[in-house]
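The values are calculated or read from the model by the stated rules, or taken from the named source; none is laboratory data. Just so it is clear, the model here is predicted, and its values are computed rather than measured. No Cβ is skipped: glycine too gets one built from the backbone with ideal geometry, and neighbour counts run over all protein chains shown.
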Amino acid sequence: KQWYQRRVCACNDGYEKSDSSNPRLCTLVIQCPALTLTNQAADVTGPYDPTTAVTVTCSTGYFVEGADDTDTVQTVTCNQGGAFDKDLAPCVGELILNGKYLK
């Protein structure tokens, strides 16, 4: 008797099998979209691969809405499902006077 062993390849989260010509090859398909930012800038451009942390800094004269008036940086991480782990708060404010942001 002959025994046949069937090999099964599985792709990690965020990847899928690329084509039938090489069933062991996985390619990245799930990504978080590029961020649309106003009065903010990201340290890396998107789209973003899963587990990528993106640091977003408010433009000069702006701060993170709902945070301490000196908080100008926030971080989001792309998860395995192609979404960010939290929503970015907008950056608000326009003027600095004696080191304080005016709302």
Answer with yes or no whether ALA89 is among the small types (Gly, Ala, Ser), at pLDDT 75 or above and surrounded by fewer than 16 Cβ atoms within 10 Å (Cβ to Cβ). no
Check on THR51, over 16 Å from VAL92 (Cα atoms) and exposed (fewer than 12 other Cβ atoms within 10 Å of the Cβ): yes
